[in-house]
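To start, the structure itself, in structure tokens.
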Amino acid sequence: MADEALFLLLHNEMVSGVYKSAEQGEVENGRCITKLENMGFRVGQGLIERFTKDTARFKDELDIMKFICKDFWTTVFKKQIDNLRTNHQGIYVLQDNKFRLLTQMSAGKQYLEHASKYLAFTCGLIRGGLSNLGIKSIVTAEVSSMPA
Amino acid sequence: MAVCVAVIAKENYPLYIRSIPTENELKFHYMVHTSLDVVDEKISAMGKALVDQRELYLGLLYPTEDYKVYGYVTNSKVKFVMVVDSSNTALRDNEIRSMFRKLHNSYTDVMCNPFYNPGDRIQSRAFDGMVTSMMIQARRGKESLVARAPGAWSPEEAAKGGAEDL
């Protein structure tokens with residue numbers, strides 16, 4: 001279990017580091033979130049290259065989304081996505097009931113508005129992975145209740 | 001055993017292309033360029049089942065009189081094209097597959113390099129070294145053929161030495 005804590009702590013430090021080194025104007029503009037997302041993007045590209053090295057070719061978009069939900073999520077967060085919904089027109093909703101990076105934070109409404117900072121990296125991760133597989137996408141995340 | 005190795009990006013421009021012998025490079029560039037069409041055709045052959053849809057290795061793309069061209073596509077739509085000398089008849093399918101495997105592994109390492117921007121030309125020395133090792137085997141094979149009959153006239157020797165004399 002020690003290796004999970006490594007990434008968790010590093011990620012938390014990353015978020016606070018980016019915010020500390022930001023200038024005054026940047027915090028309001030949300031540029032920090034963009035920085036974190038871009039970091040996740042590049043990491044996602046490299047990760048996907050490694051993970052798809054041995055898998056068979058993907059038949060279609062749904063296949064790719066299923067791969068992300070199962071193999072990719074398992075390798076990064078050690079669990080699968082709990083729920084995948086789609087409207088078959090390009091919108092996919094991935095639901096994770098117990099998001100690893102947020103479980104350590106206190107339950108309740110207190111830190112809800114800060115949660116988006118911690119989700120930016122993961123959004124970038126997914127966007128990078130999809131773009132390397134040939135899908136242009138926009139990834140947004142929302143938290144309904146902590147920890148979730 | 002390869003004579004030319006090329007890595008083509010998703011948008012069909014070359015990320016890395018290298019060939020031996022270094023004269024007449026343009027001919028290989030042109031061959032690789034024309035093979036891209038064949039690759040696209042193989043990928044999109046949906047119902048025809050010419051190629052196993054789940055496999056990354058595409059196999060022999062097309063043979064010419066001197067060379068054979070093999071292809072491989074990764075899941076991120078990056079294509080590897082390899083041109084092999086036809087006179088190397090002992091080259092089995094497994095060997096080509098293992099060469100593509102090595103190429104894919106090296107490419108993944110290049111991708112994960114934080115100093116590499118996806119979409120740039122590949123300038124990694126490790127990648128270069130791996131490709132050289134694949135090509136050098138062919139060279140050594142040719143030289144040993146020539147050495148076996150010293151002093152005797154042979155077409156390879158003439159081609160290697162004669163052209164420069166002129």
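Which ³J(HN,Hα) values in Hz, rounded to whole numbers, follow from the phi angles of segment A:123-128 under the Karplus curve 6.51 cos²θ - 1.76 cosθ + 1.60, where θ = phi - 60° and Gly and Pro get x?
Each residue of segment A:123-128 in turn: 4, x, 4, 5, 5, x Hz.
Under a 5 Å amide H to amide H cut-off, with H placed in plane at 1.01 Å, what residues pair with B:Leu58 once short-range neighbours are removed?
So B:Leu58 has HN proximity to B:Gly71, B:Tyr72, B:Val73.
With every protein chain in place, what's the accessible area of A:Asp60 (1.4 Å probe, Å², nearest 10)?
80
Distance check, please: which entries in A:Lys35/B:Lys102; A:Lys20/B:Lys77; A:Lys66/B:Lys10; A:Lys53/B:Lys27; A:Lys79/B:Lys102; A:Lys35/A:Lys136 exceed 27 angstrom between their Cα atoms?
Distance filter (> 27 Å) returns A:Lys35/B:Lys102; A:Lys20/B:Lys77; A:Lys53/B:Lys27; A:Lys79/B:Lys102.
Between A:Lys136 and A:Glu13, what FRET efficiency follows from the Cβ-Cβ distance if R0 is 25 Å, with the result rounded to 0.05?
E(calc), rounded to 0.05, equals 0.20.
The values are calculated or read from the model by the stated rules, or taken from the named source; none is laboratory data. Keep in mind the model is a prediction, meaning the values are calculated, not measured. When we count neighbours, we look across all protein chains shown, and the Cβ atoms used for this are built from the backbone with ideal geometry, even at glycine. Surface areas here come from the heavy atoms of the whole protein model, side chains and all, with no ligands, DNA or RNA. Shrake-Rupley method; radii C 1.70, N 1.55, O 1.52, S 1.80 Å.
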